[in-house]
Amino acid sequence: MTTAKKASAKTTAAKKTSAKKVSAKSTAAVAKKTSAAKEPSAKKAAKKVSAKSTAAETSAKEPAAKKSAAKKSAAKKTSATSAAAAPASAAKGAAAKPAGKRRKSWVDKLNRPMEPNVTDDPRGGGLLIPTPKLIEAEVKTVPPGKLITPEQIRERLAGRFGADRTCPLCTGIFLNIVAGAAEESSGDPREMTPYWRVVRENGALIEKFPVGIDRQAYLLEAEGHTVITGKWKIPRVDAIGPSLVKT
């Protein structure tokens with residue numbers, strides 16, 4: 001091949017290579033433009049989808065928000081109604097309870113109008129239902145230095161009213177009333193009904209007295225009795241026999 005031909009071939013090859021490069025660059029530029037053109041469209045599409053989703057969520061939340069608002073409104077109405085009804089209810093309650101009513105004192109219970117009654121005893125015979133004043137009268141007969149038991153009081157009263165026995169439950173309740181009224185009215189042993197002189201058959205103090213066994217023990221010891229505790233839960237008077245009254 002001649003030198004001229006070789007030069008021509010080289011020139012042709014160079015032109016082809018340059019054309020290819022230009023073509024590649026043009027293709028890349030077109031691709032970039034296409035990509036750049038597509039990106040805004042994709043972003044716009046994404047924004048549209050996001051907007052639709054937000055609109056859908058907002059639309060879904062609206063009924064719930066409306067329901068919540070309706071519930072709050074109903075609750076406020078109910079509260080207002082209750083508040084309005086409360087004074088009326090309170091007024092009814094106040095009207096139902098008598099004004100000035102107070103708890104009865106021990107003295108009131110002692111002086112409550114009541115008559116003794118002999119009724120049929122389920123065990124047979126007559127059962128005396130005593131009164132607080134009858135119990136008080138028997139306790140007052142016990143002199144200083146002496147003692148009496150609830151059983152002796154019941155025997156005395158049953159004999160007086162021609163009954164076979166006296167109700168033990170009523171006797172116990174009325175003894176408590178006598179003790180409470182004595183302390184309530186005076187508190188001075190020189191003036192009180194001497195309830196502390198009532199002890200159980202074994203000498204034990206009466207733990208159900210309203211003032212308690214410490215007060216009873218103090219008053220008994222003041223009259224010369226020896227009160228012991230020992231192994232017993234309830235203190236008792238030592239050597240009760242000689243101190244008991246005769247029925």
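A few points about this structure:
- Candidates GLU221, GLU184, filtered to the one that is in contact with a strand residue (DSSP E or B) (Cβ under 6 Å, 6 or more places away or on another chain) and among the charged types (D, E, K, R): GLU221
- Qualifying residue in segment 209-218 (condition: in contact with a Ser or Thr (Cβ under 7 Å, 6 or more places away or on another chain), small (Gly, Ala, Ser) and farther than 16 Å from LEU147 by Cα): no
- Single condition ARG154 does not satisfy, out of (1) buried (at least 19 other Cβ atoms within 10 Å of the Cβ); (2) within 41 Å of the chain's Cα centre (by Cα): (2)
- Taken together, LEU134, LEU147, LEU127, LEU157 contain a single residue that is of a type in the set (A, V, I, L, M) and in contact (Cβ under 8 Å) with a residue 60 or more places away in the chain, which is LEU147.
- GLY230 in contact (Cβ under 8 Å) with a residue 60 or more places away in the chain and more than 21 Å from GLU151 (Cα to Cα): no
- Listed conditions (1) assigned to a loop (DSSP other than H, G, I, E, B); (2) within 22 Å of LYS104 (Cα to Cα); (3) touching a strand residue (DSSP E or B) at 6+ places or on another chain (Cβ under 8 Å) are all met by THR193, apart from (3).
- Among residues of segment 205-214, those that are surrounded by 17 or more Cβ atoms within 10 Å (Cβ to Cβ) and either out of contact with any Asp or Glu (no Cβ under 6 Å at 6 or more places or on another chain) or of a type in the set (Lys, Arg) (or both), counted: 3
- Residues considered: SER243, SER185. Of these, the only one that is touching a residue at least 60 places away in the same chain (Cβ under 8 Å), among the small types (Gly, Ala, Ser) and closer than 17 Å to GLY145 by Cβ is SER243.
- Matching residues in segment 196-227 - criterion: being in contact (Cβ under 8 Å) with a residue 24 or more places away in the chain and either in a helix (DSSP H, G or I) or more than 18 Å from GLY172 (Cβ to Cβ) (or both): TRP196, ARG197, ARG215, LEU219, LEU220, ALA222, GLU223, GLY224, HIS225
Just so you know, all these numbers are worked out from the coordinates, no wet-lab data involved. Since the model is a prediction, treat every value here as computed from it, not as a measurement. Every residue, glycine as well, gets a Cβ built from its backbone with ideal geometry; the counts of neighbours run over all protein chains shown.
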